[in-house]
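Student: Here's a structure for you.
The values are calculated or read from the model by the stated rules, or taken from the named source; none is laboratory data. Note that the structure is a prediction, hence the values are computed from the model and not measured. FYI the Cβ positions are ideal-geometry reconstructions off the backbone, even for glycines, and counts take in every protein chain you see.
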Amino acid sequence: MPSPTPLLALAFAACSGGGADAPAPAPPPGPDPQSLPAVPPADLGGWSDPGPATPGDPCPADMVPVPAGRFVDGAAPEQVEMALDWPDLNFRPRPRTERETGAYCIDRYEYPNVKGALPRVWVGWAQAGEACASRGRRLCSEDEWARACAGDGGWLYPYGDTWEPRRCNDAVDPVGDLTRVAGAGAFPGCVSPFGAWDMDGNVSEWVAQKHELDPEHERVVRGGTLWVAVYGHGCMSRHSHREDGPNHGDDGFRCCLDPPSGS
């Protein structure tokens, strides 16, 4: 079993003091959520409504279609570069198993879903859902997000099972450097089998699910950020944050949509 990467080991030691019972590191502090404006409406960042989906073209132009079907999700912690003695169990990936989704559409890029635009961050779970609803969409389910990232075979990364440094924005050092968050589509090799961009690295993404370890308070975030050492990386990377905050500068989201009936 491979040992954690040096960056991961250093980050873990620095943040935890070396003890397995120490708290896991959190992303760097940001502005008080109470001082932040509400998530802007649907026209944020130059987005314009591409028109309704139709049975002949089931997804709007800024979304990609995923047909109904079965897929594989989940991994061992070491496969997402998490330290085996990481103390927070809500940072662990799901067990590997076969799952199933109906047909759906998913945003091509992280919200605001505009090529070249920086992803919207410092946003809570409820705000993310409100922003999607302002476009007639919704937060993706965890299964929808996972399938769109890893494909039906459950790849560890959007492009396969072997990590390729610099293919996605997932190898930034030092941890905490938010200036390295990239605009949508800046990494042309970071495209999933279904055509969704930036699902590994850059920023993690809220999904609709409650976390099973604390469903009253914790909401699931999928995908790694730009720092491997914090949450691991790849399509199977998974953690959670409290629904009521605080918000973080490395958490964003994207939206999903049910295609028209009969498409």
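Student: When the residues of segment 51-95 are filtered to those that are among the β-branched types (Val, Ile, Thr) and within 23 Å of Asp152 (Cβ to Cβ), which remaining residue is modelled with the lowest pLDDT?
Tutor: So in segment 51-95, the residues among the β-branched types (Val, Ile, Thr) come out as 54, 64, 66, 72, 80.
Next, only the ones that are within 23 Å of Asp152 (Cβ to Cβ) stay: 64, 66, 72, 80.
On the way: Val64: 95, Val66: 97, Val72: 96, Val80: 87.
The qualifying residue modelled with the lowest pLDDT is Val80.
Student: For segment 71-86, check the following and say yes or no: at least one residue is farther than 25 Å from Pro165 by Cβ and not in a loop (DSSP other than H, G, I, E, B).
Tutor: Checked against the condition, which is being farther than 25 Å from Pro165 by Cβ and not in a loop (DSSP other than H, G, I, E, B), segment 71-86 yields at least one hit.
Student: Do you know which of the residues in segment 227-246 that are part of a loop (DSSP other than H, G, I, E, B) and modelled with pLDDT of 90 or more is farthest from the chain's Cα centre (by Cα)?
Tutor: Only one residue fits best here, namely Glu243.
Student: Would it be correct to say that Glu218 is among the acidic types (Asp, Glu) and in contact (Cβ under 8 Å) with a residue 60 or more places away in the chain?
Tutor: Working: among the acidic types (Asp, Glu): yes; in contact (Cβ under 8 Å) with a residue 60 or more places away in the chain: yes.
Spelling it out, Glu218 is indeed among the acidic types (Asp, Glu) and in contact (Cβ under 8 Å) with a residue 60 or more places away in the chain.
Student: Also, I was wondering about something else. Between residues in segment 104-124 that are at positive phi and touching a residue at least 40 places away in the same chain (Cβ under 8 Å) and residues that are surrounded by 22 or more Cβ atoms within 10 Å (Cβ to Cβ) and assigned to a strand (DSSP E or B), which pairs lie under 7 Å by C-beta distance while being six or more apart or on different chains?
Tutor: Here the result reads Asn113/Asp107, each pair linking segment 104-124 to a residue that is surrounded by 22 or more Cβ atoms within 10 Å (Cβ to Cβ) and assigned to a strand (DSSP E or B).
Student: Further question: Looking at segment 133-158 only, could you name the residues that are closer than 15 Å to Gly224 by Cα and either surrounded by fewer than 19 Cβ atoms within 10 Å (Cβ to Cβ) or touching a helix residue (DSSP H, G or I) at 6+ places or on another chain (Cβ under 9 Å) (or both)?
Tutor: If the condition is that a residue be closer than 15 Å to Gly224 by Cα and either surrounded by fewer than 19 Cβ atoms within 10 Å (Cβ to Cβ) or touching a helix residue (DSSP H, G or I) at 6+ places or on another chain (Cβ under 9 Å) (or both), then Trp155, Leu156, Tyr157, Pro158 are the ones that fit.
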